[in-house]
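The values are calculated or read from the model by the stated rules, or taken from the named source; none is laboratory data. It should be emphasised that the depicted structure is a prediction, and the values quoted were computed from it without experimental measurement. We place every Cβ from the backbone using ideal geometry, glycine too, and count neighbours over all the protein chains shown.
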Amino acid sequence: MINRIIGWVDQRFPITAIIKHEATEYPVAPNLNYWWNFGSLAGVVLVLQIVTGIFLAMHYKADVTLAFDSIQHIMRSVNYGWLIRYIHATGASAFFAVIYIHISRTLYYGSYRGPRELLWWTGLLLLLLVMGAAFMGYLLPWGQMSFWGAQVITNLFGAIPLVGGHIVVLLRGDFSVGDPTLTRFFALHYLIPFIIAGAVVIHLVALHTVKSSNPSGLPIADKDNIPFHPYYTSKDLFGVGVFLIIFCSFVFFVPDAFIEPDNNIPANPMQTPPHIVPEWYFLPFYAILRSIPDKLLGVVGMGLGIVILAALPYLDRSKIPGGSRYRPIFKALFFVFIADAFVLGYVGAHPPEGPMVLIGRIATVIYFGYIVSMPFVSKWEESWLRKRGLPAPVQKYLDEQAAGGTK
Amino acid sequence: MSDSKSLDSPDRRNFLEMATGAVGAAGVAAAAWPFVQSMNPSSDVLAKGITEADLAPIPLGESHTVAWQGKPVFIVHRKPEVAAAMQASPGGKDPEPDQKRAKKPEWLVVVGVCTHLGCVPSRTEEGWLCPCHGSVYDNSGRIIQGPAPANLEVPLYHFVGNDKIVIGEA
Amino acid sequence: MKKYLLGIALCFATVGAWANEAKLPKIELPTSPEALQRGAETVATVCLSCHNLKYIKYSDLSGLGFSKEKLGALSVGHGLDDSLMSPMSAEATKQAFGITPPDLSMMAKARVGGPHYVYAFVTGFYTNDKGKTDNHVFPGAKMPDVLGAASAKGEERTAIEYKAKEVAAFLEWAGDPKAQERRGLGRYVIAYLIVLTILLYLVKLRTWARLKEHHKRKHT
């Protein structure tokens, strides 16, 4: 019976072919470690956010006089409203944690390198979309941090020469963040996740075209690949289980870990809280913004902090394949970069006083230095490694490449 | 690529996988519960499930309408002869003695929502007439003619003293 | 990669560290229903003169285990469905103090330190060298020293401190009345997830073991 139904569908829609192509016969390298779990994990969090978001939207009111109260209504009166809201609020942080680990893995193993440029770019686009959704969503509770965060970030556009002021008013629909801003942020916050879902499909199509990279950085012969299902479905699901244990520990036992106390005070446009901080996932970029002592350049620097990553596939000029596996300097610099991101995060969380200013500036220089020096460092590292003698698998790969090139 | 068929034939699905699948499915079903529940009335809506109505201002022979859970409730102060006539009549196609519908013969309390498709019937001398599809109810709220299948609903209510009722709890 | 994990752990540690920047004395909050009820009574009779708790209804207090009679006495003059609102209007309090006293339903959530802040504030009044009453936690506070903390000594001080703890505990409840339900449910959820994750791990092990067998067979 089931076979007949599947047969009926297959004549009209290639369901079996799709499952075969994307899962049961989709070839994956057999040596992926657990750092490769975070892509599918990000997908799980996206679904979690969309589902909880839809249910929250059934009770939330996007009106400056009602928004704060409606959140309290969700927390206190709606059945399990507290659970759904805490999942959504914690989910935002979880989303970034997962995405940042996913990106770090890409950097560590050089997964962004050709032929995966488009995969890398769609990933960065996804990061920007998620940031946009998170920023707009953060306004909705209409607390003090919501309000002043939106006020400050929309003001960034005021740095644009000539038309900046007009753009700020256009974004807000008001001269300050107000009711029109809240309503449009809600509309866009509901829309963007579906755009993200679409972009995820593009990301996956690109992935399934070029296939996953692997820790060695060397291509895997087709005969050695293994099917995605059941090997990586079982591995990914185990990862989801571990993730859910950590995630639910936050949701049920420390749900306020990611909610600033000030955001439990209704927005007051007449009074800025003494110490405004963005959510942790924006801190490194916020630190870059503050470290550059010029409004326009600061905004440009912050934007470049993400956009410049798109150039990495072309900046990395080493012929040694992959990332850290066979490249000790590349690996060392990766850890410098990650440590630097944490330093920037720490600086971003503290008032720009005393040593914080200098530390922030040094960290900003290191952040961009990592990227800008990549072409030189990668070339120099390659020649140094060649002088020392390459490991056999790498030499074999390079010889094959050279032979293929002369054909 | 390694041959997937020999490695993963359906008959090698074992007890462990079935059990894991069952535990996982149970978890997903349980996780759906809070979401479904969140769509049910919230505690502040439920708190509004009770309406107190003062009977003193309703003159003999008149009907007042109060809101209960967002629905109209008709409170009729019936004249003795009307009440007696109702007690004598068995009702129409959904027969029910008036004694079971009215806690006190002079007071009839019914939900003013036609049992056909939910319109609010309008008051007539003989009872009610639904403006939508012409269902006719008598002075006990019982269906006499028209498409409505059942009598007007009697809500849960109880008397507090002689001239006050609480609708929504027995 | 272990260093990397350490880095993530450090990140969470810093998040935790800056949440508790203000150095407040950590007090042990009373948890018994009686203490919470006394806290509620203090809030309803003292704080409510000027402050509101607009997200708390009198009927919500039954969640603290109040008997019907006690709840009736506490809510005298109000319906059970009414919020805990001050008899003073916002304008009247503004005239009296120069500011509108903040709503207290979220007070234990809206300050760094939560209930510890509440406790430190209401017991933090003292007489400064100009002979005026001030507050250690919130210098220049407009609120009067309602518990009389500034002048109290010895046993009297201990009684006030205990009262302040009850108030802090009650306000913590008021900020998050579902906390107990949440933790209770959380235990089951985590227990379930651990079982599920162990099962998923076993499935994963078995699946990958098949792959290794297959390879062995191929190579022999």
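Tabulated results
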read-out	value
Check on A:Ala257, closer than 30 Å to A:Trp142 by Cα, away from every other protein chain (no Cβ under 14 Å), surrounded by fewer than 18 Cβ atoms within 10 Å (Cβ to Cβ) and touching a residue at least 40 places away in the same chain (Cβ under 8 Å)	no
Test: residue in the range A:295-314 that is more than 18 Å from the chain's Cα centre (by Cα), farther than 19 Å from A:Leu107 by Cβ, of a type in the set (D, E, K, R) and within 14 Å of chain C (Cβ to nearest Cβ)	no
Yes/no for A:Leu56 being assigned to a helix (DSSP H, G or I), buried (at least 18 other Cβ atoms within 10 Å of the Cβ) and away from chain B (no Cβ under 11 Å)	no
Close pairs from the range C:65-84: first touching a residue at least 40 places away in the same chain (Cβ under 8 Å), partner of a type in the set (A, V, I, L, M, F, W, C), Cβ under 7 Å, at least 6 apart	C:Leu84/C:Ala44; C:Leu84/C:Leu48; C:Leu84/C:Leu53; C:Leu84/C:Ile56
Of all residues in the range C:158-206 being within 30 Å of A:Thr233 (Cα to Cα) and among the basic types (Lys, Arg), the one that is farthest from the other protein chains (Cβ to nearest Cβ)	C:Arg187
Selected residue (only one of A:Ile288, A:Ile320 is in contact with a Lys or Arg (Cβ under 7 Å, 6 or more places away or on another chain) and of a type in the set (A, V, I, L, M))	A:Ile320
Count - residues of the range C:23-55 that are over 30 Å from C:Ala90 (Cα atoms) and either at pLDDT below 50 or among the β-branched types (Val, Ile, Thr) (or both)	2
From the options C:Arg157, C:Arg187, C:Arg210, C:Arg183, residue that is in contact with a Leu (Cβ under 7 Å, 6 or more places away or on another chain) and surrounded by fewer than 17 Cβ atoms within 10 Å (Cβ to Cβ)	C:Arg210
Odd one out for A:Ala97 among (1) within 12 Å of another protein chain (Cβ to nearest Cβ); (2) part of a helix (DSSP H, G or I); (3) touching a helix residue (DSSP H, G or I) at 6+ places or on another chain (Cβ under 7 Å)	(3)
Residue list for the range A:172-228, filter: more than 14 Å from chain B (Cβ to nearest Cβ) and among the β-branched types (Val, Ile, Thr)	A:Val177, A:Thr181, A:Thr183, A:Ile192, A:Ile195, A:Ile196, A:Val200, A:Val201, A:Ile202, A:Val205, A:Thr209, A:Val210
Residue count for the range B:104-156, restricted to those that are touching a residue at least 40 places away in the same chain (Cβ under 8 Å) and under 16 Å from the mean Cα position of the chain (by Cα)	15
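For (1) part of a helix (DSSP H, G or I); (2) away from chain A (no Cβ under 12 Å); (3) modelled with pLDDT under 90, each residue gets a yes or a no:
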position: B:Asp11; (1), (2), (3): yes, yes, yes
position: B:Leu16; (1), (2), (3): yes, no, no
position: B:Val23; (1), (2), (3): yes, no, no
position: B:Trp33; (1), (2), (3): yes, no, no
position: B:Gln37; (1), (2), (3): yes, no, no
position: B:Gly49; (1), (2), (3): no, yes, yes
position: B:Ile58; (1), (2), (3): no, yes, no
position: B:His64; (1), (2), (3): no, yes, no
position: B:Val73; (1), (2), (3): no, yes, no
